[in-house]
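For reference, the structure is listed below as C-alpha cells.
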C-alpha cells in the first residue's frame, strides 16, 4: 500500500476514534399514563430500548428529528396526530382493539385478544356459560363476542353504578369486561360488585386479570413488546410496507381468590388449561 493511502487510512481511523461509538438511535412513544396496558407496554419496551433510547412524546408539543420511529399505544386518534405532527417519522401503531388502523402508518402490531381466542378460553375454563353479559363503553362492542356464548347481552356503562350495570344484565352466567381505557376507572368496582353477586368475571385486560377477575384471557404483553421492537427495527432499517400483523400470544389466568370468595371451586382439569393461577385467597 502506498504512503498516501496509509495516511488516508490513518486519518480516517483517527476521525472515527475521535467520534467514539455510534450513538443509539432513539425511539419515541405515545401513551397515556392512566391506561394500565399502555403503561405496562411502555415499561416493557424499556427492556428493548434501554437508557435514554426511549422517549415519551406528545404530538403537537414535542419535536422529533428525521426519521425517528414513533410507537403509538394511545389509539387511532393519537396515531393520526403523530402522522400529522411528524410526517417524516415512521409510525408503529399498536392496535388495542379490532378496528381498521389509521392511514399512513408504517406498521401495525396487534395487542388485543380476538373473539375466537376468547371463545376458546371461555370453553376451556368456564364451559357452562350460556348467557354472557358484556360491559361496554359504547354501543356495538358486544357484536365482536357474538359467538362466545349462546346469548350475548350488552350494557353501555356510561355514568351508571356497577350495581346498576350488573342488574340490567339480568340472569347472565358470567360478565365480560374488555380491555377498554374508558372502563379503567370502574373496572375493579365492577369486579367487586360481581363477586358480591357470585357472578364470574372474564376479562381481556391484563391488569384486571391480576386485580381480581375470575378468569383472564389476555394478550401476552412481553410478546407484544417484542413484536413492537421488531416492527421498529424493520421501519428504521427497511421502511416501506410491513407484513400483515399477527394476533399476539394469549395467556389464560385463573384467580382462585375470586372463586374462593364466591364459594365455588375450579376443577383441577380446568386449572391445568390455565397459563397462570393466582392464589390471592386472602381477599
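The values are calculated or read from the model by the stated rules, or taken from the named source; none is laboratory data. What you are looking at is a predicted structure, and each value in this text was computed from that prediction instead of being measured. Cβ: placed from backbone, ideal geometry, glycine included. Neighbour counts: every protein chain shown.
Scan segment 33-61 for residues that are crowded, with 18+ Cβ neighbours inside 10 Å, in contact with a helix residue (DSSP H, G or I) (Cβ under 7 Å, 6 or more places away or on another chain) and within 25 Å of residue 180 (Cβ to Cβ) and report the count.
We begin by selecting, within segment 33-61, every residue crowded, with 18+ Cβ neighbours inside 10 Å; these are 35-38, 40-42, 45, 49, 54, 57, 59.
Adding the requirement that they be in contact with a helix residue (DSSP H, G or I) (Cβ under 7 Å, 6 or more places away or on another chain) leaves 35-37, 40-41, 45, 54, 59.
So of that shortlist, the ones also within 25 Å of residue 180 (Cβ to Cβ) come out as 35-37, 40-41, 45, 59.
Number of matching residues: 7.
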What do you reckon, is residue 206 within 17 Å of residue 38 (Cβ to Cβ), modelled with pLDDT of 95 or more and touching a strand residue (DSSP E or B) at 6+ places or on another chain (Cβ under 6 Å)? yes
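Taking segment 154-207 as the search range and keeping residues that are part of a strand (DSSP E or B) and free of Cβ contacts under 8 Å to residues at least 24 places away in the same chain, which one is surrounded by the fewest Cβ atoms within 10 Å (Cβ to Cβ)? Quick ask: steps written out before the conclusion?
Applying the first criterion (part of a strand (DSSP E or B)) to segment 154-207 yields 154-156, 174-177, 201-203.
Now restrict to residues that are free of Cβ contacts under 8 Å to residues at least 24 places away in the same chain: 154-156.
On the way: 154: 19, 155: 21, 156: 16.
The qualifying residue surrounded by the fewest Cβ atoms within 10 Å (Cβ to Cβ) is 156.
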The one condition residue 83 fails out of (1) surrounded by 14 or more Cβ atoms within 10 Å (Cβ to Cβ); (2) over 30 Å from residue 277 (Cα atoms); (3) under 20 Å from the mean Cα position of the chain (by Cα) is (3)
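Per-residue answers, yes or no, for (1) under 13 Å from the mean Cα position of the chain (by Cα); (2) over 20 Å from residue 128 (Cα atoms):
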| position | (1), (2) |
| --- | --- |
| 201 | no, no |
| 206 | yes, yes |
| 212 | no, yes |
| 216 | no, no |
| 244 | no, yes |
| 251 | yes, yes |
| 268 | no, no |
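Evaluate the following for residue 232: is it more than 17 Å from residue 125 (Cα to Cα), assigned by TED's automatic domain parsing to the domain that holds residue 104, surrounded by 22 or more Cβ atoms within 10 Å (Cβ to Cβ) and under 14 Å from the mean Cα position of the chain (by Cα)? Quick ask: steps written out before the conclusion?
Values: more than 17 Å from residue 125 (Cα to Cα): yes; assigned by TED's automatic domain parsing to the domain that holds residue 104: yes; surrounded by 22 or more Cβ atoms within 10 Å (Cβ to Cβ): yes; under 14 Å from the mean Cα position of the chain (by Cα): no.
So residue 232 fails the test.
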Tell me whether segment 111-131 contains one or more residues that are closer than 26 Å to residue 247 by Cα, in the same structural domain as residue 266 (by TED's automatic domain parsing) and in a strand (DSSP E or B). no
